[in-house]
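Below is one structure, written out as structure tokens, with a few remarks after it.
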Amino acid sequence: KCFSIFGPCQPMSQPECRICLDATEPLTAVCACRGSAGLVHTSCLVQAATFQWPDIGAFECCSTCQQAYVGKASMELAEAARKLGEQEAEDSPLRLRAANLLANALYAHGAFSDTARIHKATLASRRRVLGDEHPDTLVSQNNLSTALFAQGQYSEAARAFSDTLEARQRILGPHHLQTLQSANNLASALYAQGQYAQAAAIYLDTLRTREGVLGPDHPDTLVSQNNLATALFAEGKYKAASELFARTLATRRRIFGHSHPSTLQSANNFAGALFAREDFIGAAAAYLDTLKQQQEVLGVRHPLALHTAANYATSVAAQGLFADAAETLATVLAARRATLGHDHPDTRHAALSLNDFVVAGGAVSALKQALELRADAHGLQDAVLDALTLIADHRGAAVAGVLRDLSNASLIRLKKMAETNSALHDLIADCVPLAVVPVAEGARTRGLLPTIAAFFATRRTRRSWRRACRLVVPVFCAAVLAFFLDRFRR
């Protein structure tokens, strides 16, 4: 038993709903409040918000942590607000705000077509009642553009974002929160069209302004920080991007907790930084951990969860495990076709990647089959070279992974082929350092692969000689140091 200065410690009680104080039914985490403070029955939360109508803010944000509701609770609250709003006049501001809240909840759950339909109707009503340049009309215009962007209509969204930004700068001023939101959205549309430098410049300007106006820990500031890191990453500035990703992830974990959707987005991006440093095993583990949490919090078919699953498949393929990668990506492709449609850019990208993984997987099978044949014909060497070249297109680490999976007999045969085929030799030599390091940590340290690796690392090219020196010199120095330490002990 546990004792304190006041006597025996009492066992911890079950978490209770912070509204009804009942612990008998399952509770749901609905916001960024920590511990049991964020656990409620969604039915209790909806009832409490209904009592505060027409204060629609009670349906949007938690009064304690001041952050937006997330997950299932956000949808149920939005549905309740819509039903209450339908009791108001057709074009009343309160009814339109309730409709806008429902559209935002649908967007957060990946229902982009329904989101666009509601925002389009709300925008038409606000233009008719309030005029084209009323701040509420511009909110609806911005929201509709965001829905179009999510559906893959990047050029149309960029034009709409630009129009909204120009109007907000003129009416609200350059430092208004909604103006900064429009600038961030325009940068996202430019990024989606491959204009990374322009997007990064806007993200940086928006970040600096938000840091000055809102502070470094505000959610909007963290959005800008994350987006800037994404643009830098796309430009190939991996070190700067990794530092920003790590900083954003640490701040979001501190403010929102580990399971908040924004935190999980940062965790996905940080895994991407590991991938860029060619730590494919670490990236795959980070992607998989993030994916499990996103599926639990957001759902299996949520666009963010599918994005992380696709990234996980890519990190698995980079290790040469094409069959596993293809299996994961086939699930992603089916889900995207069902939720986003066949013509969405993300769906088309998944289809192309799946085809690549299937072809590369076939190349692995062809390589293993070729190495098991006894003939030593020139055509057989070319077949092996073609298969390894196709695998190497996915990164040298994929070749290393395939080499580690070959039998000793196949490795011996590959060595003999490379002795007479310079192109085959040079291709494998480029991937040898990636093959040697993981083997030194595994059970096959004394197997044949390090011997084959040494062969490829000490032949043919001057670059290979330098690589051989990098491999041999540390081992030699360690041996000399061990020798003198042993003599010293004696």
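Given the whole protein assembly as supplied and a 1.4 Å probe, what does the accessible area of residue 171 come to in Å², nearest 10?
70 Å²
Select from segment 27-81 those GluC sites (Glu not before Pro) which occupy a DSSP coil region and have at most 16 other Cβ atoms within 10 Å, ordered by residue number.
Here no loop site has a sparse enough neighbourhood.
Leaving out same-chain residues fewer than 8 places away, which lysines sit with a Cα under 28 Å from that of residue 416?
Candidates past the 8-residue exclusion: 368.
Relative contact order (percent) for segment 57-161, with alpha-carbon contacts under 8 angstrom and 6 or more residues of separation?
18 percent
For segment 338-437, what percent of Cα pairs sit more than 24 Å apart?
28 percent
Whole number please: convex hull volume per residue, Cα atoms of segment 233-375, in Å³.
121 Å³
Heavy atoms only, probe 1.4 Å: what % of the accessible area of segment 338-437 goes to carbon and sulfur, would you let me know?
Carbon and sulfur: 54 percent of the exposed surface of segment 338-437.
Work through the residues other than residue 193 whose Cβ is under 14 Å from its Cβ and net out their charges, Lys, Arg +1 and Asp, Glu -1.
0
The values are calculated or read from the model by the stated rules, or taken from the named source; none is laboratory data. What you are looking at is a predicted structure, and each value in this text was computed from that prediction instead of being measured. Quick reminder, even Gly has a Cβ in these numbers, built from the backbone with ideal geometry, and neighbours come from all protein chains shown. Side chains are part of the model used for accessible areas, which takes the heavy atoms of the whole protein and leaves out ligands, DNA and RNA. Shrake-Rupley method; radii C 1.70, N 1.55, O 1.52, S 1.80 Å.
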